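Quick notes on the structure that follows.
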Amino acid sequence: MEIHDIHSFDLTPAEAIRLQEALRAGVRLSNGIGEISLVAGADASYAKGSNEIHAVVVALSYPDLAVVERVSANAETSFPYIPGLLTFREGPALIEAFQMLRSEPEVVFFDGQGIAHPRGLGIASHMGVLLDRPAVGVAKSLLVGTAAEPGTGRGSTAPILRDGETIGMAVRTKERVKPVYVSVGHRIDLSQAVDLVLATARGYRLPEPTRQAHLFANEVRRGDEQTTLPSSTE
């Protein structure tokens, strides 16, 4: 994938916050998706206390969700772990991984927040703007806002509210399993983001794009990456 406009990640936390506030204006919350034949999941892994980030992107065909390509990239970071500034720690490695990807997914799922973020620019929104393509945030916990517990059945939802505004949706992807927290990343509306999360959740709490990315990121971090699938590593 080609990425046309990459800002510097060599920033202080205060500079990173100012950049997030500026980039937020570029986030689009409307539906910009046509026919979908390929989706991707992105994730990053690192050992506790380590500054080496192992970032991966896994592309899957849609709607059958067969893995068609996996790429990974490693990068050292000096940016500290600060809630709300995740992209500045993981972003450089993720960008390297996306640049290696031969596939062109119509939608990218991220393990993290979209606009359900203190400054409206979680990793899914931030990376969605840099990639300039539809992105969905699928988080395992809330960062801001509140949500009632959805019904116990698969497909049950409850809005994530912040100051009376809906900024995402708690979504039950598997019966009687904890919900995931879905928010718009970029170039997609919330209804379609929720529909895609449910369409790609196949018996697990996480939708298949981020589940496969999570599994692959852990493989890469442990050094036991399997080579039976089309993949590139760096």
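A compact table of results
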quantity	calculated
Residue that is over 24 Å from SER183 (Cα atoms), among the charged types (D, E, K, R) and out of contact with any Ser or Thr (no Cβ under 8 Å at 6 or more places or on another chain), where the choices are GLU96, GLU69	GLU96
Residue ranges of strands (runs of 3 or more DSSP E) in region 137-199 with at least 3 members of a type in the set (A, V, I, L, M), surrounded by 19 or more Cβ atoms within 10 Å (Cβ to Cβ) and touching a residue at least 12 places away in the same chain (Cβ under 8 Å)	165-171, 180-186
Exclusive hit being of a type in the set (D, E, K, R), on the phi > 0 side of the Ramachandran plot and over 15 Å from the mean Cα position of the chain (by Cα), set ARG162, ARG176, ARG187	ARG176
Residues of region 178-195 that turn out to be closer than 16 Å to ASP111 by Cβ and β-branched (Val, Ile, Thr), as a count	3
ASP5, sole failed condition from (1) closer than 16 Å to MET127 by Cα; (2) among the acidic types (Asp, Glu); (3) surrounded by 12 or more Cβ atoms within 10 Å (Cβ to Cβ); (4) at pLDDT below 95	(3)
Filtered residues of region 2-40 (kept if in a loop (DSSP other than H, G, I, E, B), under 19 Å from the mean Cα position of the chain (by Cα) and more than 18 Å from ALA97 (Cβ to Cβ))	VAL27, ARG28, LEU29, SER30, ASN31, GLY32, ILE33, ILE36, SER37
Enumeration of residues in region 16-34 that are without any contact (Cβ under 8 Å) to a residue 40 or more places away in the chain and touching a helix residue (DSSP H, G or I) at 6+ places or on another chain (Cβ under 9 Å)	LEU19
Residues of region 101-115 classified as farther than 20 Å from ALA217 by Cα and in contact with a helix residue (DSSP H, G or I) (Cβ under 9 Å, 6 or more places away or on another chain), total	2
Complete set of residues in region 115-130 that are outside any loop (DSSP other than H, G, I, E, B) and buried (at least 24 other Cβ atoms within 10 Å of the Cβ)	ILE123, ALA124, SER125, HIS126, MET127, GLY128
Qualifying residue in region 100-114 (condition: assigned to a loop (DSSP other than H, G, I, E, B), among the small types (Gly, Ala, Ser), surrounded by fewer than 21 Cβ atoms within 10 Å (Cβ to Cβ) and at pLDDT 95 or above)	yes
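The values are calculated or read from the model by the stated rules, or taken from the named source; none is laboratory data. Everything numeric here is computed off the predicted structure, so don't read it as measured data. Glycine gets a Cβ as well: all are built from the backbone with ideal geometry, and neighbour counts include every protein chain shown.
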